[in-house]
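No value in this document is a laboratory result; all are computed from the given coordinates. Computed from a predicted structure; not experimentally measured. Heads up, the Cβs are rebuilt from the backbone with ideal geometry, glycines too, and the neighbour counts pull from every protein chain shown.
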Amino acid sequence: QTIYRKNYTPPSFLVESVELGFDLDPARTIVANRIKLVRNRDGKHSDIELHGEHIELVGVRMNGKRLKPGQYTLSEHGLTIRKAPAKVTLDIETVLAPQENTSLSGLYVSNGNFFTQCEAEGFRRITFFPDRPDVMAKYTVMLRADKEKFPVLLSNGNLIEQGELGDGRHYAKWEDPFKKPSYLFALVAARLVCQEERYTLQSGREVLLQVWVEEGNLDKTDYAMQSLKNSIRWDEQRFGLELDLDRFMIVAVGDFNMGAMENKGLNIFNTKYVLANPRVATDVDYAGIEAVVGHEYFHNWTGNRVTCRDWFQLSLKEGLTVFRDQEFSADMIGTDTGRAVTRIDQVRTLRQAQFPEDAGPMAHPVRPDSFVEINNFYTVTIYEKGAEVVRMMQTLVGRDGFRKGMDLYFARHDGQAVQCDDFRAAMADANGRDLKQFERWYSQAGTPVVKAVTQYDAAAQTYHITLAQSCPDTPGQTAKLPFHIPVAVGLLGADGKDLPLYTDGAAGQGTVVLELTEATQTFHFSGVAQRPTPSLLRDFSAPVVLDYDYSDAELLHLFSHDSDPVNRWEAGQRLAMARLLKLTADVGAGAPLALDATFIAAQRALLTDATLDAAFRELALILPSETIIAERMEVVDPQAIHTARQFMRRSIAAALKPELLAQYQANQTPGAYSPDAQSAGKRALKNLALAYLLIAPQAAELELAQRQFDAADNMTDRAAALAALIHSGAPDGAASALKSYFADFEHEALVIDKWFAMQAGAPGTDVAAVRKLMTHPAFTLKNPNRARSLIFNFCGGNPSQFHAADGSGYAFWAEQVIALDALNPQVAARLARSMDRWRRYVPALQAHMKAALERVAGSASLSNDVLEVVSKALAN
Ligand code: ARG
Ligand code: ZN
């Protein structure tokens, strides 16, 4: 059943207060829920509509009187009381079986402890309630549980009372002073310990910060705590937003569907985004923790204080909060190149995941018009493209203007549930700007293409840039209207320096933001003394595909000189992509493969340029992924792409061996491990060099990797060495390293996830090998992190094996989607997405993919989640 944005109706009743009582028992938990409801003046009728799913109703009273079954109707989706009085108190009792809940939505048990996940619609698996984000209420929560098994009882807000109940049970009563929608409710009842700290806000107010984990993990909470303190400080400084609670808690749980959840005052996190010490976590893990801790903390204002009217507005909080966490991570590094490195990472994510989504069967606008299952819309489009849309607004109104817009947004909407349009209106009004056309970024799906043509007039010393935009059709949307696109531009002279720009509103600066609002527009520059090299779309100023016919010479010029590091990187990617596409075609045609000396020389110059940050060099040396190459092709032959890319890697490795070795040595990071950006960048470059050196390794290189593996005092270096050994295809070295790694980290679940993930993504791992890994005692489908580490990394991260010619990868995919769906539909639906682009593949593969999709679609008792994904794939 499809739900449409245009059918929104205000709730018929509002909730004034909620009192919840939990008698927690893994097998049988009893929930008592007292809600005070009042008729909503904007409501359309007088029926009370409460959602409820997968729960057993024990009884319901209205204003003290027990309702008999005829006085309400109960369906598999909820409970309705017709023609209710204007003011009502309901007492509702439900019974649940948390230990049977494998969906990890609602109240569930993980490693013997209780946790909740209510976003988007999990609260209705706990009790009957108007489970929609525009119903905001004050909550009081009483928790009762066995004291021995569940010594820690947490919920949102402040602890106001606790004590013993006799019979070995105890209780805790929590009160959240802020009104909130039900999706922000949370409870934890568990055997946990915490790292805690009193922290003084800029205002002088003192707050209590806690990071809760299982006992053995108390040595892995420092970085999350530090990230939390940094987040609090950053939001005060950049946006003037203060923590509004006296107590802020982060709790880590090993079974979790997503990254983390911003429940008011009680953030619940996937352990992956909390636990770190040098022994078990990589630089990438550390960066992920900082970003996600920041993200969830920033939601306290963008999400919780101002929330969404309905789930179509999800990007209102997610796009904005991703933008905020991106800015936080960039500011934490502090340098210009550091900022650029984070920006390049964002561009890579967009190209790797969002552009394909926007071009596939699940394409949807940043503010969707319809959905079947909201959990399928926690997507890279809502999150990452949504963040790009917010970033473009900042580009258009400037940093200070953006702050003004944020201030106005909170002045207008604090405590409300609002729409994406309200944010845009606040930005426009605070800056006296017209952002009406900008709205199309929210309503039209698809990645716009901007085609640029330039013209230089030497006699007149003028330069013209003509930009033409178009946007492909997407399911349900044709004939798109022009977007309002900020295109940041610079012009390089022959010396590589920025020429001063003279155009409308620009007098001499090196970069100007052109505003493309029409289908085609020409921008004029005067006083251009020499034919320039254009640097277009600097800092990736809009999430578009930029089509410009660069010559190799121009790209090499940009690659070595552009003052915008993002476009410097981009020039390198273009150089590589042109060659990769050519090589792929040559593989297909059976022609001999060759890589030109110019390209190798550019790679060499970059690799050895010590004036550049190691982190930047590493990023610039990474070739476009097989997925990104595939997106550039009309008909995708994954084997040809793989062969071509491997050929390029081998050629680079062979040509640059001495330089790679020198960089390997030059970028060592002796001394105590620190995850700072500088050191992490060095390790990244060093380990990239190692991976190249291990492409066709001789004894010396194998030994190098083995030595690093044995001597590493941190997981970044250890895992990189192991991955290099696995990818080298030297079976003995890899096998023994895998064995010792497993033995060393057997009890560190997150490290074992890496063990599975590295093998799943290696080109030498075929379907049979993955099946074998699934029989390993450490493997389980029930734990999402583990399932992702092996199955997702194979289906999504190992294209040459997944797309095996006989279709065995797809058959495996179908089996796993069906098996996962029986346990956890949300996770299964994510896996289902690996088939999104099936229509792009060569006919023989397409046929196998279609058969696999049909097999899933036809399987009995499929969840809505998976059904939506596979039926859209088959239909579009
Ligand atoms: N709001 C969370 C975040 O982005 C994501 C939770 C979504 N969970 C879900 N099951 N759909 O931080
Ligand atoms: Zn979020």
Modelled FRET efficiency - R0 56 Å, Asp146 with Ala459, Cβ distances, 0.05 increments: 0.05
Using a cut-off of 13 Å between beta-carbons, work out the net charge of the residues near Ala805 (Lys and Arg +1, Asp and Glu -1, Ala805 not included). -3
Asp434 versus Arg399, label points 7 Å from Cα toward the beta carbon: distance in nm? 3.0 nm
Computed on Cα atoms, Rg of the range 124-235 relative to 2.2 N^0.38 Å comes out at 1.23
For the range 521-599 and the range 336-399, what is the separation of their C-alpha centers, rounded to whole Å? 23 Å
Give me the one-decimal nm value for the distance between modelled label points at Ala778 and Lys229, 7 Å along each residue's Cα-to-Cβ direction. 3.4 nm
Could you give the size of the charge dipole of the chain about its Cα centre, using +1 on the Cβ of each K and R and -1 on the Cβ of each D and E, expressed in debye and rounded to the nearest 20? 1420 debye
To the nearest 10 degrees, the tilt of helix 657-666 (Cα long axis) against the first principal axis of the alpha carbons of the chain is 50 degrees
Starting from the Cα of Asp744, step 7 Å along the direction of its Cβ; do the same at Thr337; then give the gap between the two resulting points in nm. 3.0 nm
List the equivalent ellipsoid semi-axes of the chain in whole Å, largest first, each obtained as the square root of 5λ for an eigenvalue λ of the Cα gyration tensor. 45, 33, 27
Only Cα pairs under 8 Å and at least 6 apart count here; give the relative contact order of the range 326-484 as a rounded whole percent. 23 percent
Cα-centre dipole for the range 418-459 with unit charges at Cβ (Lys and Arg positive, Asp and Glu negative), debye to 20: 140 debye
Taking loop as defined by DSSP and a crowding limit of 16 other beta carbons within 10 Å, which trypsin sites (Lys or Arg not before Pro) in the range 735-837 fit? Lys782
Ranked Tyr673, Tyr548, criterion: other C-beta atoms within 10 Å, fewest first: Tyr548, Tyr673
What ratio of Cα Rg to 2.2 N^0.38 Å holds for the range 600-724? 1.11
What order, most packed first, do the peptides 118-127, 618-627 have when packing is the mean number of other Cβ atoms within 10 Å of each residue? 118-127, 618-627
The Kirkwood hydrodynamic radius of the range 727-834, taken as the inverse of the mean 1/r over all distinct Cα pairs, in Å, comes to 14.1 Å
Hey, can you rank 596-606, 54-64 by average C-beta count inside 10 Å, highest first? 596-606, 54-64
Ignoring everything except DSSP H segments at least 4 long, calculate the 222 nm mean residue ellipticity for the chain; use -39,500 (n - 2.57) per segment, divide by total residues, nearest 500. -12500 deg cm²/dmol
Using Cα atoms only, what is the angle between the long axis of helix 715-728 and the major principal axis of the chain, expressed in degrees (0 to 90) to the nearest 10? 60 degrees
Degrees, to the nearest 10: 864-875 long Cα axis against longest axis of the chain: 40 degrees
Cβ-Cβ FRET estimate between Gln99 and Val635, R0 fixed at 56 Å, reported to 0.05: 0.70
Mind sorting Phe410, Phe792 by how few other Cβ atoms lie within 10 Å of their own Cβ, fewest first? Phe410, Phe792
So what is the relative contact order for the range 746-872, in percent, with contacts set as C-alpha pairs under 8 Å and at least six apart? 22 percent
Order these by the 10 Å Cβ neighbour count, fewest first: Leu661, Leu37, Leu867. Leu661, Leu867, Leu37
Among Gly588, Ser541, Pro565, pick out the residue whose Cα is farthest towards the positive end of the charge dipole of the range 537-591, where Lys and Arg carry +1 and Asp and Glu carry -1 on C-beta, about the Cα centre. Gly588
Cα-Cα over 19 Å: which of Lys6/Lys87; Lys87/Lys138; Lys147/Lys220; Lys682/Lys754; Lys220/Lys754; Lys180/Lys385? Lys6/Lys87; Lys147/Lys220; Lys682/Lys754; Lys180/Lys385
For the range 134-287, what is the charge dipole size about the Cα centre, in debye to the nearest 20, if Lys and Arg each add +1 at the Cβ and Asp and Glu each add -1 at the Cβ? 180 debye
